[in-house]
Amino acid sequence: MAASSTGFAQMTFQVYTRITAQPEGKYLVEPDINLYGQKLLTKKFGVWGFALVEKNWAEAYGGILYAPAEWVEITLGAGIEQCPSLYRLSANIWMGGKGFSFSLLTEKGDGPNNWWVKSVFKYKVGDFNLGVMAWRFHGIGPLVEYSPLKRATIWLNPVYDPEFKEQRVVIGLDIKI
C-alpha cells in the first residue's frame, strides 16, 4: 500500500504509543505506526487501504468504500496479518455532520479470540475534538484531540482496559499527507 500511496486522495500517517502502568511503579511503553488511505473513484464508490506495524504485530489490508450520502461511509476489506492463518477481514462505518462524528471499526482473523474493535464518538469545538473512545487492547475513556495545524492532530486518550484490567494512557499524532 505504501508504494501506491500517491494514488490515494486522502492519506493519514499515525504514530502513537500505549503507556500501561505496571506493578512497582514501572510503565510498559508500546509504540505503533499506522498508515491509512482512501480515494473515491466515483461520487459514491472508492477504495481504501490500511497498514499497521508495532513490536509484535503487523497487518495490511484494503478494500472497497461505499458512501451512500455525504455523512456516511461504509468499508469492507481483506488482507494479511502476522499470524499463521494470515487472513484478516474488516468492516467499518463512519458517520458525521454538524461537528459530530461516529466511527465503528472492526477486524476479524482466524480463531475465536482473533478480533478487534474500535469505536469513537467526537464533537468538534474550535481546534479541539472532544469525545470518547472504546478500543480493544487499549481501553475505554475520554478522548481529546487538538489540531494546531490544518494537517496535524495531537491526541490523548486516558483509558481503562476492562478485558485486561489495566489503566493506560494512549498518546498520538495524526498527520494528513
Worksheet entry | Translational D in µm²/s for the stretch 1-99 (Stokes-Einstein at 10 °C, 1.306 mPa s, Kirkwood Rh from C-alpha pairs) | 104
Practice prompt. Check each of the chymotrypsin sites (Phe, Trp or Tyr not before Pro) in the stretch 14-104 and keep only those in coil by DSSP with at most 15 other C-beta atoms within 10 angstrom; list them in order.
Written response: Trp71
Fill in: Average silhouette area of the chain, convex hull of alpha-carbon atoms, in square nanometres
10.9
Discussion item. Longer than 30 Å from Cα to Cα, which of Lys55/Lys118; Lys26/Lys176; Lys26/Lys124; Lys55/Lys124; Lys122/Lys165; Lys39/Lys118 are they? Say none if no pair is.
Written reply: Lys26/Lys176; Lys26/Lys124; Lys55/Lys124
Discussion item. Let's see if you can work this out: charge +1 on each Lys and Arg Cβ, -1 on each Asp and Glu Cβ, no other charges. What is the dipole magnitude of the chain about its Cα centre, in debye to the nearest 20?
Written reply: 540
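Bear in mind that the values in this text are calculations on the coordinates, not laboratory data. Owing to the predicted nature of the structure, the values given are computational and were not obtained by experimental measurement. All Cβ positions, glycine included, derive from the backbone under ideal geometry; neighbour counts span all protein chains shown.
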